[in-house]
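Peer 1: Before we start, here is the structure in question, set down as structure tokens.
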Amino acid sequence: GAGVSQTPSNKVTEKGKYVELRCDPISGHTALYWYRQSLGQGPEFLIYFQGTGAADDSGLPNDRFFAVRPEGSVSTLKIQRTERGDSAVYLCASSLGSGSDETQYFGPGTRLLVL
Amino acid sequence: GNSVTQMEGPVTLSEEAFLTINCTYTATGYPSLFWYVQYPGEGLQLLLKATKADDKGSNKGFEATYRKETTSFHLEKGSVQVSDSAVYFCALKGDTGRRALTFGSGTRLQVQP
């Protein structure tokens, strides 16, 4: 079946602009996660949704970052007033959200470059 | 807080050599442990996992054993292939109910023919 998809695959923007990154999870997965991966580093957790609600947003670095999942499926990560330090690959993952198998399946990522 | 430490790369091996990539962790309680792999141009894929002490995860010839006493989860393979060239990430999920994964910084493996 289809895996996690993310759009766009690449995004170039200017400092101070607003960007939206989209994630389509695997069908039927109720849990959705956002991570950020800087060059040469492992992914760092940003936020986790169970259904429509943000169950854990402790990884969001500041209030410029916000994410929504209004219908419990697609999620959008929003970054306001982008800064050069926001440049990274933004990864989305999904999991079943219940039961013993909480394996997280990752999408290909959106590479964000802030000039 | 939780943390994962991996050996720095790149690790360069000849085909059919034995592979070990070290991973140690810091966490309270009994976390679940994972190895993810990222092939060139592709997304992260789960390679193997272990959810309790002394469990051995295995997949595609790779193995890792959850060692609580040494807080380690080293990745091994007896005979690597060129197609194993990738970046390998060790990760943990704590047992506090929090779902977030904590990753190491990754180890790049290059296998030469």
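Computed from the coordinates by the stated procedures, all read-outs in this text should not be read as laboratory data. The structure presented is a predicted model; accordingly, all values stated were derived computationally and were not measured. With ideal geometry, Cβ positions are generated from the backbone for all residues, glycine too; neighbour counts draw on all protein chains shown.
Peer 1: Once the Cα gyration tensor of chain B is diagonalised, what are the square roots of 5 times its eigenvalues, in whole Å and ordered largest first, as equivalent ellipsoid semi-axes?
Peer 2: Working: eigenvalues 117, 39, 27 Å².
Taking √(5λ) for each Cα gyration eigenvalue gives 24, 14, 12 Å.
Peer 1: So, one more: How far is it, in nm, from the label point at A:Arg84 to the one at B:Gln110 when both lie 7 Å from their Cα along the line to the Cβ?
Peer 2: About 2.9 nm separates the two model spin labels.
Peer 1: Please list, by residue number, every one of the GluC sites (Glu not before Pro) in the stretch A:37-87 that is coil in DSSP and has at most 16 other beta-carbon atoms within 10 Å.
Peer 2: Sparse-neighbourhood loop GluC sites (Glu not before Pro): A:Glu71, A:Glu83.
Peer 1: Then there's this: Looking at chain A as a GNM with Cα springs under 10 Å, which of A:Asp24, A:Asp86, A:Asp63 has the largest mean-square fluctuation?
Peer 2: Largest GNM mean-square fluctuation: A:Asp63.
Peer 1: May I ask you to derive the relative contact order of chain B, considering only C-alpha pairs under 8 Å and at least 6 residues apart, and to give it as an integer percent?
Peer 2: 37 percent
Peer 1: Are there GluC sites (Glu not before Pro) in the stretch B:62-113 that DSSP puts in a loop and that have at most 12 other Cβ atoms within 10 Å, and which ones?
Peer 2: The qualifying sites are B:Glu69.
Peer 1: Moving on. Quick one: Debye curve from the alpha-carbon atoms of the stretch B:66-105 only, equal weights, vacuum; give me log10 I(q)/I(0) at q = 0.14, 0.26 Å⁻¹ to two decimals.
Peer 2: For the stretch B:66-105, the Cα-only Debye profile gives -0.48, -1.03.
Peer 1: Counting C-alpha atoms alone, how compact is the protein assembly as shown: give Rg to one decimal and Dmax as a whole number, in angstrom.
Peer 2: 17.6, 51
Peer 1: What are the semi-axes of the equivalent ellipsoid of chain A, taken as the square roots of 5 times the eigenvalues of the Cα gyration tensor, listed largest first and rounded to whole Å?
Peer 2: Semi-axes from the Cα gyration tensor: 23, 14, 13 Å.
Peer 1: Sticking with this one: Could you pull out every one of the lysines with an alpha carbon less than 27 Å from that of A:Lys17, ignoring same-chain neighbours closer than 8 positions?
Peer 2: Within the straight-line cut-off, A:Lys17 pairs with A:Lys78.
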